[in-house]
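Asks: One structure, pasted below without further comment.
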Amino acid sequence: MRMIPVSAALLLAAAPWASGSAVAQPVNPFTGVTRIWLEWNEIPNTQWAPRSIDPEARPDKSLSVVKFQPVVPFRLNDDWTLVTRTVFRYINKPDADPVFGFNPQTQAPGLLGFNQKNSAGLNSVNPSFFFAPNIGKNSAIGFGPSLAVSINEDVGHNQFGVGPAVMAFHRSGRWTYGIRARQIWGVSNRTDNEDLNNLVAQPVLRYQLNRNWYLLSSPIVTADFNLEKAWTVPIGGGIGYNFGLTQKSQAMVSLEGYYNAIKPEVLGEELLGDWTIRAQFQVVIPN
């Protein structure tokens, strides 16, 4: 059965360029650093399917999304930089196997119910490419293509998708703010499901408290336009800490919590849990 899609996402992380204010180097924090970035998202109290499909379905499962997402910039010339961000998304989601047998009510073989379980695997690989003009040390704006390559059909759409991606960020004193967004349309569908039509937008707001501690809000807003009620809108944020690894590189850890104020519906039911817990670890290396 189809579970509500978590996009990057979701079910995607704080924008990779948003944490650059912690790097005490005379480089652009958005286009001048390489990031090795690991993120974990947990959404408890998630339901595997609507009760109209499985009367025994209850919001007692957890949806886990682990993302490894290296961000690597390439300076093309004095005027342009290509920023690449590739997301490897591993999902452990509520699922179920149908149970068939003799139905005493119908006196015939048929569907008896569902054996609930979890399905796990590498959901997709999502590379994005941002062509960014070199406009200064504290700002960045970029645009380019984004791809979605499904890997495991048990936890993904088994489709290939493509679409545009944009990003814009600025650092001013202790503040960093901006947004990253992409729209994916399915162009190669190997299933009976509807073609991909997903939007992911991630605003970023960060405040550096002191040399090491910072506050962060970076909700992942998603929309699956194949659903009648498409939007997922979280509200919240968290706190982070950065510390030096070498003279040039730094590590960053953060813990965030988001209330899913608006959630999509499948056959008239909200399946996603109310809260998302997010933990991140990054290694930041100035180029």
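Asks: Can you tell me the relative contact order of region 203-262? Whole percent, Cα pairs under 8 Å, sequence separation 6 or more. It would help to have the intermediate numbers written out before the result.
Replies: Values: 113 pairs, mean separation 17.6, N = 60.
For region 203-262, the relative contact order is 29 percent.
Asks: Here is a further query. In whole Hz, what ³J(HN,Hα) sequence does region 50-66 give by Karplus (6.51, -1.76, 1.60; θ = phi - 60°), x for Gly and Pro?
Replies: Listing the rounded values in order: x, 5, 5, 9, 10, x, 8, 5, 9, x, 10, 10, 10, 10, 10, 10, 10 Hz.
Asks: Which percent of the accessible heavy-atom area of region 37-132 goes to carbon and sulfur, probe 1.4 angstrom? Mind showing how you got there, number by number?
Replies: On the way: 2690 of 4630 Å².
Solvent-exposed carbon and sulfur of region 37-132 make up 58 percent of the total.
Asks: Also, quick follow-up: What lysines sit close enough to K137 to cross-link, taking a C-alpha to C-alpha distance under 18 Å and skipping anything fewer than 8 places away on the same chain?
Replies: K248
Asks: Still on this model: Which net charge results when you count Lys and Arg as +1 and Asp and Glu as -1 among the other residues whose beta-carbon is under 14 Å from that of R35? Could you put the intermediate results ahead of the total?
Replies: Details: positive: K67, R85, R180, K248; negative: E39.
So the surrounding residues net to +3.
Asks: For the chain, modelled as a Gaussian network with Cα springs under 10 Å, which listed residue fluctuates most, F102, F131, F169?
Replies: Comparing F102, F131, F169 in a Gaussian network model of the chain, the most mobile one is F102.
Asks: Using a Gaussian network for the chain with springs between C-alpha atoms less than 10 Å apart, which of these wobbles most: S188, S124, S146?
Replies: Per the Cα network of the chain with a 10 Å cutoff, S188 tops the list.
Asks: Can you check what the net charge comes to around S172, using other residues whose Cβ is under 14 Å from the Cβ of S172 (Lys, Arg +1; Asp, Glu -1)?
Replies: On the way: positive: K137, R171, R174, R206; negative: none.
Once all neighbours under 14 Å are counted, the net charge is +4.
Asks: Moving to a separate point now. Taking 7 Å along the Cα-to-C-beta vector as the label spot, tell me the N77-S52 distance in nanometres, rounded to one decimal.
Replies: Each label point lies 7 Å from its Cα, and together they span 5.7 nm.
Asks: I've got another one for you. Using the beta-carbon distance between T86 and N118 and R0 = 25 Å, what value does 1/(1 + (r/R0)^6) give for FRET efficiency, to the nearest 0.05?
Replies: Details: r = 26 Å, r/R0 = 1.03.
For T86 and N118, the calculated efficiency is 0.45.
Asks: What is the local net charge at S128, summed over the other residues whose Cβ is closer than 10 Å to its Cβ (Lys, Arg +1; Asp, Glu -1)? Please list the in-between numbers first.
Replies: Numbers: positive: R85, R180, R182; negative: none.
Neighbourhood net charge equals +3.
Asks: Straight-line reach from K61: which lysines fall under 25 Å, measuring Cα to Cα and dropping same-chain residues less than 8 apart?
Replies: K93, K117, K229, K263
Asks: Turning to a different aspect of this structure: With a 1.4 Å probe and all protein chains left in place, how much accessible area per residue does region 43-100 have, in Å²? Could the numbers behind the result be given before it?
Replies: Working: 2700 Å² over 58 residues.
Using a 1.4 Å probe on heavy atoms only, each residue of region 43-100 averages 47 Å².
The values are calculated or read from the model by the stated rules, or taken from the named source; none is laboratory data. Remember, it's a predicted structure, so these values are computed and weren't measured experimentally. Glycine also receives a Cβ, built like all others from the backbone with ideal geometry; neighbour counts cover every protein chain displayed. The protein model used for the area step is the full one, side chains on, heavy atoms only, and it has no ligands, DNA or RNA in it. Shrake-Rupley method; radii C 1.70, N 1.55, O 1.52, S 1.80 Å.
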